[in-house]
Amino acid sequence: MLITTVDLEREPLHYDTSFPPQGIDFGMDVEQKGPMQAAGVAELLEEHRGPKEIVQDIRVRGSYKGRFQVPCARCLDSVEHPLEGEYDVLYRPVGVDVDDREHSIGESETEIGYYQDGSLLLEDVLREQVLLSLPARTLCREDCKGICPRCGANENSDPCACEESVADPRWSALGDLRTRMKTS
């Protein structure tokens, strides 16, 4: 759904829509399961930066709800995450905040995005919100054993028959040190 400043100059845009799976590209590791509902409003805010400079910001507020799958960080099995969230994000035209000086950003500036050519896609707003809501690392269960680094078997369901790896001889000096420390 395209949100344009021209449309918002007339009136705010209210939306209540559903996105089917594969309707939004979340990347290789995130899969949408079933429809994702999104509802909210986009409006135009005029920011006065002096007597003649007016910046048109787009404010997008709303909520979303959907189910997503991501791989377990240890065994790569799919783990489902039901997500529900609200957002209130401000978008400015690209380049409006550019200056040659470096500066740190404050907490309020972390909720600012940028749009180009007088428009932005609601799909981009939702993609960002979903990806920020997912945990940085997902485990199928706390005691997940992962996959065998030699044969690739999922050790949760089929323990592998690989032999214990032979220690690298370059580490033998540390093994000797550990043995001497235990006997002291």
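Some observations on this one:
- Inter-probe distance in nm under a simple model that places probes 7 Å from Cα toward Cβ, at M1 and C151: 5.2
- Residues considered: G113, G95, G85. Largest GNM mean-square fluctuation over the chain, using C-alpha springs under 10 Å, is found at G95.
- Both radii come from the Cα set of the chain: Rg as radius of gyration, Rh as Kirkwood radius; their ratio Rg/Rh reads 1.21.
- Restricting attention to the chain, close to 90% of DSSP beta bridges with both partner residues there are antiparallel.
- Applying the criteria of a DSSP loop state and at most 13 other Cβ atoms within 10 Å to the GluC sites (Glu not before Pro) of segment 144-183 yields E163, E164.
- Whether segment 145-184 is rounded, prolate or oblate, judged on the alpha carbon gyration tensor where a/c under 1.5 counts as rounded: prolate
No value in this document is a laboratory result; all are computed from the given coordinates. Since we're looking at a predicted model, the values are computed, not measured. All Cβ positions, even for glycine, are placed from backbone atoms using ideal geometry, and neighbour counts span all protein chains on display.
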